[in-house]
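Reading through the C-alpha cells given below for one structure.
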Amino acid sequence: MSTRVNFYDILIELSEYTVRASDMLKRSLVEFQYENIKYLVVEIHEIENDADKVYHKIQREVEKQYILPLNKEDILQLGHTIDSVIDTIEDILMAIYMYDIKEITPSIYSFVDIIVDASNSIVLLVNSLKTAKKYSDIEDLIKHIRNLEDRADKVYIESTQNIFLKLDPKNILKNNKLSLKLESCVDTCQHVADTVANIFLKNV
C-alpha cells in the first residue's frame, strides 16, 4: 500500500523553487560580471533540475493515489505551470550568456524585480490554496500577480523603445530577444495565478 502524499505540500515545495531561481537571477545581475555567467548558468540549471525532480514526483504520485485533494488534471496543470516559471527564469540567464550581453540595462533590472515579486507571491498563493475557504481569501494575491504582469507590459514597451533608440544594430536583436524572454517569464507567473483561480473556483 502506497504512503499518502500531501499534494499541497509538494506543490508548495515546487513553488519555493521559483523564489530560489528568481533570487539567484537577481543576485547574478546585481553582482553582474559577464565572465561569471557561464558558471551561474550551471548553478541555475541545478535549481531547475531539482525543481523538475519535485514535479516528476507529483506526476508519479498522482497516479498512485486514489484519494486526491483536487482533480488529478488540476494538480498536474498547476505543477506544470509552476515548473514553467522556473524554466523561463533559467532561459533568461541562458539568453544573457548565449547572446553575449555585456551590459544590464535599467529595464532588465525592472523586469527582474517584478519576477522576484511574482515568485514570492506565487509561494504565498500556493500556500493559500491549502487553507483558503472562499475566493476572497486568495483574490488579493491573484490581483497582485496580474498587476505585476501589467507592469511588465509597460516595462517591455519602454524597453523596446530604448533598444531601438539607443543601441547599435548588432545589439538590437539580442536585447529585444532578451526582453521577450523577460516578459514571457512574467506572463508565465500570471498563468500560475490564473490556474490557481480556476482550480479554486471549480472546487469551492
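When the trypsin sites (Lys or Arg not before Pro) in segment 4-61 are filtered for DSSP coil states and for at most 12 other beta-carbon atoms within 10 Å of their beta-carbon, the remaining sites are Arg4. Calculated mean residue ellipticity, 222 nm, the chain: -30000 deg cm²/dmol, from DSSP H runs (n ≥ 4) at -39500 (n - 2.57) each, averaged per residue and rounded to 500. The ellipsoid that matches the Cα gyration tensor of segment 123-201 has semi-axes, each √(5λ) in whole angstrom, of 35, 10, 7, with the longest given first. For the residue pairs Lys134/Lys202; Lys130/Lys202; Lys53/Lys143; Lys26/Lys181, the alpha carbons lie more than 18 Å apart in Lys53/Lys143. Of the GluC sites (Glu not before Pro) found in segment 3-49, the ones in coil according to DSSP and having at most 10 other Cβ atoms within 10 Å of their Cβ are Glu31. For the set Ser159, Ser128, the ranking by accessible area, highest first and with no ligand, DNA or RNA atoms included, is Ser128, Ser159 under a 1.4 Å probe.
For a paramagnetic label modelled at 7 Å from the Cα of Lys64 toward its Cβ, which residues of segment 11-48 fall within the zone defined by backbone nitrogen distances under 16 Å? Residues 11 qualify, since their backbone N sits under 16 Å from the label point. Accessible surface ranking for Leu178, Leu201, 1.4 angstrom probe, highest first: Leu201, Leu178. In whole Å, how far is the Cα centre of segment 107-183 from that of segment 20-82? After rounding, the separation between the Cα centres reads 18 Å.
If you take the beta carbon distance between Glu139 and Asn36 as r and set R0 to 35 Å, what does 1/(1 + (r/R0)^6) give as a FRET efficiency, to the nearest 0.05? After rounding, the FRET efficiency stands at 0.25. Kindly provide the Kirkwood hydrodynamic radius of segment 71-121 in Å, to one decimal, from all pairs of distinct alpha carbon atoms. Computed over Cα pairs of segment 71-121, the Kirkwood hydrodynamic radius comes out at 12.7 Å. Only one item in (i) 1, 6, 10, 11, 11, 10, 8, 7, 6, 6, 5, 4, 4, 3, 2, 2, 1, 1, 1, 0, 0; (ii) 1, 8, 16, 18, 18, 14, 10, 7, 5, 2, 1, 0, 0; (iii) 1, 6, 9, 9, 7, 6, 5, 5, 4, 4, 4, 3, 3, 3, 3, 3, 2, 2, 2, 2, 2, 2, 2, 2, 2, 2, 2, 1, 1, 1, 0, 0, 0 matches P(r) over Cα pairs in 5 Å bins from 0, in percent derived from the coordinates shown, and that item is (ii). Over segment 25-121, Cα pairs under 8 Å with separation of 6+ residues give a relative contact order of 48 percent. Of the GluC sites (Glu not before Pro) found in segment 60-128, those that fall in a DSSP loop while having at most 13 other beta-carbon atoms within 10 Å are Glu103.
Measuring only protein heavy atoms, the 1.4 Å probe finds Phe164 accessible over about 120 Å². Rg over Rh for segment 1-121 works out to 1.07, using Cα positions for both radii and the Kirkwood form for Rh.
The values are calculated or read from the model by the stated rules, or taken from the named source; none is laboratory data. Computed from a prediction, not measured in an experiment: that's the story for all the values here. Neighbour counts are summed over all protein chains in view; Cβ atoms, including those assigned to glycine, are modelled from backbone coordinates with ideal geometry. Note: accessible area is taken over every heavy atom of the protein model, side chains too, but ligands, DNA and RNA are not part of it. Shrake-Rupley method; radii C 1.70, N 1.55, O 1.52, S 1.80 Å.
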